[in-house]
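The values are calculated or read from the model by the stated rules, or taken from the named source; none is laboratory data. Small disclaimer: the values here were computed from a predicted structure and weren't measured. Backbone-built Cβ (ideal geometry, glycine too); neighbour counts: all protein chains shown. Ligands, DNA and RNA are excluded from the accessible area calculation, which covers all protein heavy atoms including side chains. Shrake-Rupley method; radii C 1.70, N 1.55, O 1.52, S 1.80 Å.
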Amino acid sequence: MASHPPAACCTVGFKHAGTPQGKSIRIAGKYDAYLATPPPQKTHKDVAILYLPDIIGVWQNSKLLADEFAANGYLTLLIDTFNGDPVPLQKAHDPAYNIFEWLAHGSNGKNPHTEEAVDPIVVDAIKALKGEYGIKKIGSVGYCFGAKYLVRHYTDGIQVGYVAHPSFMDEDELANLGGPLAIAAAEVDPIFPDERRYKTEKILKTTRQPWQIFFYSGVEHGFAVRCDLSDKVQKFAKEQAFYQAVAWFDHYLLAEL
């Protein structure tokens, strides 16, 4: 793999203050989602962002980030890729918790979060953006767990991607990248450590697709979603990682419209 599987660091962090402005919806009549709509005067017509979250799923911080993308002109669909079974924030502090058991079987033993379970959710979200919302070009953001499924689904309609502190990225899928990809990496990240980042760079050089990796000092895995905003270094890194994503979409997603 180009990055390691999720681990305890994927479930810790800080809840951010704010009031989400979007609305809760259902996709394909069975998956929960959150839709953030841009103001009419700023809307980028015919484009949208599919937000593939970390394992904490659709919650306060991910909703606020979706709202920020909407404030920059992008209709943003945040999809629950865990079928109602995300990992609660700070769950890693429970010594009895087994993240690999959760991935394989879900919290109740009957709701796995494997490729076979997650792939159809992502595909249905892409179909909804195209069919229900008339979207012609789809960009996607993938945080931690979401990064794997972003890279995996260029073939299903994602055209431009941005991932932050990625986990589970498959080397072969990365090598067959179907469009531009930007990565935000943390200085301290056991999931995407230096050797995995170097390997990712080598793979991306072979793809002939536009790519970039920004490396943020003073932060850890998860910083782009759930860092401590009272820490100036972390807050600045989170903001810059968000601006990195917006600039990437502004250049590559809007390029041919």
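A few notes on this one:
- The order of the peptides 57-65, 136-144, 22-30, 41-49 by mean Cβ neighbours within 10 Å, most packed first, is 136-144, 57-65, 41-49, 22-30.
- Across the accessible surface of the stretch 118-245, with the other protein chains kept in place and a 1.4 Å probe, carbon and sulfur atoms take up 49 percent.
- For Ala241, the shell of other residues with beta-carbons less than 14 Å away shows a net charge of -3, using +1 for Lys and Arg and -1 for Asp and Glu.
- Computed over the stretch 20-161, the alpha-carbon pair-distance distribution with 5 angstrom bins reads 2, 10, 21, 23, 20, 12, 7, 3, 1, 0, 0, each value a whole percent.
- In the frame of its principal axes, the stretch 91-242 has Cα extents of 42, 41, 30 Å, reported largest first.
- Of all segments of the chain bounded by GluC sites (Glu not before Pro) found in a DSSP loop with no more than 14 other C-beta atoms within 10 Å, the longest spans 1-131.
- Rounded to whole Å, the principal axis extents of the Cα atoms in the chain read 48, 40, 38, largest first.
- Cα→Cβ-extended label distance, 7 Å offset, between Ile25 and Glu187, nm: 4.0
- Relative contact order for the stretch 52-159, counting Cα pairs under 8 Å that sit 6 or more residues apart, in percent: 32
- Label point distance in nm, Glu239-Glu101, each placed 7 Å from Cα along Cα→Cβ: 4.3
- Pairwise Cα inverse-distance average, inverted: Kirkwood Rh of the stretch 85-125 (Å): 11.1
- Sorting 69-77, 32-40 by average packing, meaning the other beta carbons within 10 Å per residue, from highest down gives 69-77, 32-40.
- Taken as entire DSSP H runs, the helices of the chain that both span 27 Å or more between Cα atoms along their own long axis and average -1.0 or more on the Kyte-Doolittle scale are 232-252.
- Using C-alpha pairs under 8 Å with a sequence gap of at least 6, the mean separation divided by the residue count of the chain gives a relative contact order of 21 percent.
- All other residues whose Cβ lies under 11 angstrom from that of Asp119 are scored, Lys and Arg at +1 and Asp and Glu at -1, for a net of -2.
- With contacts taken as Cα pairs under 8 Å at a separation of at least 6 residues, the stretch 84-215 carries a relative contact order of 16 percent.
- Whole-Å distance, taken between Cα centres, linking the stretch 162-221 and the stretch 121-151: 19
- Spin-label model, Asp231/Thr37: points 7 Å from Cα along the beta carbon direction are separated by 3.8 nm.
- A cut-off under 15 angstrom between Cβ atoms defines the neighbours of Gly131, and their net charge, with Lys, Arg +1 and Asp, Glu -1, is +1.
- Alpha-carbon geometry of the stretch 137-204: the Rg and the Dmax are 11.0, 34 Å, given in that order.
- Heavy-atom accessible area per residue - the chain, 1.4 Å, Å²: 43
- Share antiparallel - DSSP beta bridges, the chain, percent rounded to 5: 25
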